[in-house]
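The values are calculated or read from the model by the stated rules, or taken from the named source; none is laboratory data. Since we're looking at a predicted model, the values are computed, not measured. Please note: Cβ atoms are built from the backbone with ideal geometry, for glycine as well, and neighbour counts cover all protein chains shown. For the accessible areas, the whole protein counts, side chains as well, though only heavy atoms, and no ligand, DNA or RNA atoms are used. Shrake-Rupley method; radii C 1.70, N 1.55, O 1.52, S 1.80 Å.
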Amino acid sequence: MGPLNAPPAGGWVRRARPLLGTLVEVGLPLAAPAGGATHEAAFAAVWALLQDIQAQLSIFDPGSDLSRLHAAPPGTRLSVRSHTARVLTAARHWASLSDGAFDLAQGSGPWHWDGTRLWREHPHTRLDAGGLAKGDAIDQAVARLQAQGWPAGWVNAGGDLRVFGPLRLPLVLRDEAQGGTRAWGWLEDGAAATSHFGPGARSRLHSPAGGAPIHTHLSVLAPTALAADALTKVLAQQPELPTAWLAGLGAHAVFHDATAPQPLAEVAP
């Protein structure tokens with residue numbers, strides 16, 4: 001995925017690193033902002049931030065807050081670190097907004113977050129914040145770059161992307177059935193998340209109503225990467241949600257497994 005339009009100074013500096021269970025790419029304008037900011041310092045700050053988020057939330061890190069929760073006896077109330085607290089609060093928000101369709105526990109059991117401490121009632125309850133944490137990490141990285149004075153750029157982590165500033169990126173979809181890729185839209189000053197559910201897919205989905213997701217391959221465009229990622233899980237189960245409801249969130253959905261092919265979309269959440 002690369003820029004369509006030339007940036008203000010005519011080029012991009014791009015770096016990538018394996019983090020958050022995928023390959024994360026950051027793109028910044030060739031011309032650094034005034035004030036002494038450098039590309040390498042900006043990239044280093046982003047990698048450090050993402051490593052911190054990963055250390056707090058990855059279920060594959062034995063020292064993460066979620067791993068500590070899973071290792072503790074049911075009922076144990078744990079204090080968590082700042083990134084975990086922010087993601088847990090967002091998870092509760094999206095669970096409430098979707099009447100339970102969004103669930104970090106994926107149906108494994110109830111869990112509780114009072115804003116300070118986290119606990120579960122049953123030993124089988126397991127939380128997986130992978131997608132939501134990835135979306136939040138992208139948003140935090142963008143906020144850090146903007147605070148450093150970078151006027152435009154992007155952070156791309158697997159199926160989640162956020163673009164900021166006077167920049168327009170093409171959205172390219174991987175064909176999960178036949179292989180290859182195809183362009184399906186453009187994104188500027190917003191976020192996009194794509195999820196594929198089904199046999200062999202990395203994404204997992206629990207439906208509180210039971211059964212398989214109604215849509216297995218979809219994208220959501222939204223103002224933030226966290227919102228876009230959360231909405232892919234909700235809309236896979238509830239595609240009948242009113243367009244006005246999505247519009248109220250500044251979001252737009254594209255169902256790639258729809259019977260009729262959808263045209264290229266111009267999207268600017």
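Take His93 and Ala72, extend 7 Å from each Cα along the Cα→Cβ direction, and tell me the distance between the two endpoints in nm.
If labels sit at His93 and Ala72, their model points lie 2.4 nm apart.
Taking the highest mean first, how do the peptides 38-48, 95-105, 157-167 order by number of other beta carbon atoms within 10 angstrom per residue?
157-167, 95-105, 38-48
Take the solvent-accessible surface of the protein heavy atoms, probe 1.4 Å, and return the percent of it on the range 52-148 that carbon and sulfur atoms account for.
51
Suppose R0 equals 30 Å. What FRET efficiency, 1/(1 + (r/R0)^6) with r the Cβ-Cβ distance, do Ser79 and Ala45 give to the nearest 0.05?
Approximately 0.70, to the nearest 0.05.
What is the calculated FRET efficiency for His122 to Asp61, with r their C-beta to C-beta distance and R₀ = 25 Å, to the nearest 0.05?
0.65
Sort 61-67, 188-194 by packing, meaning the average of other beta carbons within 10 Å per residue, with the highest value first.
188-194, 61-67
In nm, to one decimal, how far is the Gln106 label point from the Glu240 one, both placed 7 Å along Cα→Cβ?
Output for this residue pair reads 2.7 nm.
May I ask you to give the solvent-accessible area per residue for the range 51-123, in square angstrom, as obtained with a 1.4 angstrom probe?
Accessible area per residue: 47 Å².
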